[in-house]
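Shown next, in structure tokens, is the structure this report addresses.
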Ligand code: NAD
Ligand code: TYD
């Protein structure tokens, strides 16, 4: 008999990629998705498996402990993979409350439900896997060694602080009550289905739409980028062989400055437009349609307050303990991502709807929105 998973936030970027990955790799397993469908959740991201009898989608909130308890019981869930969160740093700066409610309160509601059903109920074998971020460790100087699992927590944004708090609660439920938990702290993800408020899809879509590309500050901040399917494989490795109570850092060993990343994306898109003249006809507002390079859209804008300078992950533990290493190189991952956004225009047009446009306008005063 296969595993029975509850995936929170399964209609978001990484959650949806995880559900698609898991169903394709684990034919015996059942997956129940619990997602509140905030602005970041999109059922269209699960369209490919919408008719799969192994998948059930539940529109609900992780903060609703009763609903979660009922799902854990009626679906006989043995594995909970917790992605649901408010995930965008800029939003957390403008409005931290939702981050505390969902990321801290929501994680605690899930832990309470898991404890009630798994520990105070039938005592069945279980796993609560918490998906977290490298941002809990704060910012590195240029010569600092990368974050490892023993690095002191020093979150700088309300988002990172809310994730740090949730990590501590997960740990406490293991130490105090014996809940079988694992946590993974991952670097910046990219790939299909990422909401276009994040740097890579924002850059790609702005080029296709001929909108300016906002680069915060001097653009010299460094992030470690991981292709999303590699993150899913890393979580799979932790679910299969990770030790309860342990945390695992997952990263791409791939540090890139923001400005270099944006320029690389621009050059890769220019090359695609040059190789395929139909693209300029389809994306008539793009600089390529006027014979200009995509880089002409780059604009340096005011820096993000508290902007972390550098993140880097030491992924040695998961490599040694679980034999996990990313498959994609940055180049192969970026090419796949660019292809995906070129081929799925209807997906990103559907998410660039009223609420997101409204947010862009309030954030940037209409600078990056063409009506
Ligand atoms: P996302 O914003 O794309 O998706 C979040 C999903 O959670 C959405 O589907 C949303 O509807 C759902 N959700 C939000 N609040 C909810 C609630 N109260 N109840 C139920 N569902 C709710 O986020 P993502 O980028 O896919 O990130 C997923 C997880 O991975 C998060 O926990 C994030 O902290 C972590 N993470 C993300 C990255 C990254 O680069 N994106 C890196 C490391 C870790
Ligand atoms: P983001 O994708 O928001 O992820 P995070 O803040 O979690 O790392 O941003 C990645 C980097 O890109 C970060 O240093 C902020 C920067 N950035 C810009 O320069 N311009 C933008 O429009 C966005 C969204 C991000």
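Per residue, the average separation of C-alpha pairs within less than 8 Å and at least 6 apart gives the range 109-267 a relative contact order of 26 percent.
Between helix 228-241 and the chain there is an angle of about 20 degrees, using the helix long axis and the longest principal axis of the Cα atoms. Our estimate of slack between residue 320 and residue 154, defined as 0.36 nm per intervening residue step minus the Cα-Cα distance, is 57.2 nm. A straight chain from residue 50 to residue 257 at 0.36 nm per residue would run longer than the Cα-Cα distance by 70.7 nm. Sorting the Cα pairs of the range 208-276 by distance into bins of 5 Å, from 0 upward, gives 3, 12, 16, 16, 15, 13, 10, 8, 5, 2, 0 percent per bin.
In this label model, residue 24 and residue 143 are separated by 4.4 nm, measuring between points 7 Å along each Cα→Cβ vector. Treating each Cα of the range 1-144 as one equal point scatterer and applying the Debye formula with no solvent, the log10 of I(q)/I(0) at q = 0.08, 0.18 Å⁻¹ comes out as -0.23, -1.03. Just 91, 272, 282 to compare: in a GNM of the chain, with alpha carbon springs under 10 Å, which one fluctuates most? Looking only at 91, 272, 282, the biggest GNM fluctuation is shown by 282.
Counting neighbouring Cβ atoms within 10 Å and putting the fewest first, the residues 198, 112, 302 line up as 302, 112, 198. In the chain, helical runs assigned H by DSSP with n ≥ 4 each contribute -39500 (n - 2.57); averaged across all residues and rounded to the nearest 500, the mean residue ellipticity at 222 nm is -12000 deg cm²/dmol. Beta-bridge orientation, the chain: approximately 10 percent antiparallel, per DSSP, counting only bridges with both partners inside. Against the chain, whose longest principal axis comes from its Cα atoms, helix 330-343 is set at around 80 degrees. Across the alpha-carbon set of the chain, the Rg to Rh ratio works out to 0.96, Rh being the Kirkwood radius. Comparing 106, 12, 123 in a Gaussian network model of the chain, where Cα atoms under 10 Å apart are tied by springs, the biggest mean-square fluctuation is seen for 123. The order of the peptides 26-34, 162-170 by mean Cβ neighbours within 10 Å, most packed first, is 162-170, 26-34. For the pair the range 238-257 and the range 186-231, the centres of their Cα atoms are 21 angstrom apart.
Between residue 241 and residue 66, what FRET efficiency follows from the Cβ-Cβ distance if R0 is 41 Å, with the result rounded to 0.05?
In this case the efficiency is close to 0.80.
Pairwise inverse Cα distances across the range 37-106, averaged and inverted, put the Kirkwood hydrodynamic radius at 14.0 Å.
Using C-alpha pairs under 8 Å with a sequence gap of at least 6, the mean separation divided by the residue count of the chain gives a relative contact order of 17 percent.
Quick one: compute a quarter of the convex hull surface over the Cα atoms of the range 219-259 and quote it in nm². Before the final figure, lay out each step's value.
Details: hull surface 13.7 nm².
With the hull built on Cα positions only, its mean projection is 3.4 nm².
Once the C-beta distance of residue 176 and residue 304 is scaled by a Förster radius of 45 Å, the resulting FRET efficiency is 0.80 to the nearest 0.05.
Across 15, 234, 210, mean-square fluctuation computed from a Gaussian network of the chain (C-alpha pairs under 10 Å connected) peaks at 210.
Note on the range 121-178: Cα-only Rg and Dmax are 14.4, 51 Å. The C-alpha atoms of the chain define a longest principal axis, and helix 13-25 lies at about 60 degrees to it.
All of the numbers you see were taken from the coordinates with simple rules; none came from a lab. Small disclaimer: the values here were computed from a predicted structure and weren't measured. A quick note on method: Cβ atoms are made from the backbone with ideal geometry, for glycine too, and the neighbour counts reach across all protein chains shown.
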